[in-house]
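Each reported figure results from applying straightforward, stated rules to the coordinates on display, with no laboratory input. Computed from a predicted structure; not experimentally measured. Glycine gets a Cβ as well: all are built from the backbone with ideal geometry, and neighbour counts include every protein chain shown.
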Amino acid sequence: MNRQEVSTAVSIGTLYIIRMLGLFMVIPVLPLVVDVPGMTPVLLGLALGIYGLSQGILQIPLGRLSDRLGRKPVVLAGLCVLLIGSVIAALAESAWGVVLGRLLQGCGAIASTLLALVSDHVRPEHRGKAMAIVGSCIGGSFGLALVAGPWIHASLGLSGVFSVTACLAVFGIAMVVFLLPQDVSPQVKLEQRTWKTIIAQTDLQRTTLSSFFLHFQLMSGFLVFPTMMVKQLRIDVDAYPLTLLLILGGAFIAALPLMIATDRWPGQRKNLLVFMIGVMGLSLAGMSAAWSSWWLLLMLGCFFMAFNLLEMMLPNLVAHFSPDSMRGTAMGLHTSAQFFGAFAGGAVGGWLIAFSGDTALLWANAGIALGWLFIVLWMTPPVDTSSKRQSLDSLGTRHSSETV
């Protein structure tokens, strides 16, 4: 990667940090908050996952809009909507007000546009490295959000968490204006045949379902993870952020060598994808056993290691399987699945806990992971695009010399 490509990946990764902090700081807070008027398990799941509904609905339209108008205008508009939703949630005085604010936060659906922006400015043979940088930012911001949220809540309350999100949105707007690279020429005309090809592409269907299941697992899992940690680890609520930080830090360190390996050996991505889905399913089943505190820590670490790695791998696979002229649309399909999964995880998970309890949710998620694993078993193994490019270049050079 050259300096411009590294700078682009870091800038977009920073915008992801801002975005993810705004959306995820509230996740470890709401399950432990008891002073929100009208909050029930069902409304709790809705408040946690409702942003995924608006995100899922808008990702594809905004991805296609970015193909036409350019990436930066869409990113700016999305951050402005995030700002408005955060202010509404900060001023809310009831559970339904929080739900409305979270819904509007999700309307700033820029994830697909940011991923397409990476693909626009990074050469194909280096996109794995760029996606690893962005994926590391996503994983780091996810961990930071889950730790910073409880600390901010302890000092400023729930409204303070949303107020900090509003400030981050303002910072992100300034960053887009002054630091984000200029757009490449937008795709003025989108081919309907190409759009149908994306929808019909079986490997993109598998990556889309994978994105849905991954975020379903995350959001539904966080309906039970905070209370499990407090009860089974016998820690105070004040010690919860530090404990979670240690778990996430260990999981990220464990996933880092595998992140590097996916870029060095692209042909093994499918095998690693299948393996990590299996790890996630087994960790969920293992949590239900509740044998000891150390066992729970190990299972949580395995879950988050798998999540970090899968979150990094899936966008790269989408970029690999999608046509260049419709990459924004393909990324929109990918991120729509993510957020629909988050919405479904919060809504279905809250309902399941209300009627069957925490253990039933863990076993249900383990079963979903098993079905997910069988779906990706039939995925086409990715090829090393850099090797293909080098082979074509050498073939072209040889052909030219023979012609001369």
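Need one number: convex hull volume per residue for region 267-326, Cα atoms only, in Å³. The partial results should precede the final answer.
Values: hull volume 4.3 nm³, N = 60.
In region 267-326, the Cα hull volume divided by residue count equals 72 Å³.
What residue among 258, 282, 321 has its Cα farthest toward the positive end of the dipole of region 235-353, where the charges are +1 on Lys, Arg and -1 on Asp, Glu, each on the Cβ?
321
What length, rounded to one decimal in nm, is gained on full extension from residue 275 through to residue 295, with 0.36 nm per residue of separation minus their alpha-carbon distance?
Working: separation 20, 0.36 × 20 = 7.20 nm, distance 2.04 nm.
Full extension of this stretch gives 5.2 nm more.
What ³J(HN,Hα) values, in whole Hz, does the Karplus curve 6.51 cos²θ - 1.76 cosθ + 1.60 give for region 152-158 when θ = phi - 60°, with x put for Gly and Pro?
5, 4, 5, 9, 10, x, 4
Calculate the spin-label point distance for residue 378 paired with residue 199, positioning each point 7 Å from the Cα along the beta-carbon direction, and give it in nanometres.
Rounded to a tenth, the inter-label distance reads 2.0 nm.
Between residue 84 and residue 179, what is the FRET efficiency for a Förster distance of 30 Å, r being their Cβ-Cβ separation, to the nearest 0.05? Intermediate results must be reported in sequence, preceding the final value.
Working: r = 23 Å, r/R0 = 0.76.
Result of the calculation: an efficiency of 0.85.
FRET efficiency for residue 68 and residue 96, Cβ-Cβ distance as r, R0 = 56 Å, nearest 0.05?
Working from the Cβ atoms, E equals 0.95.
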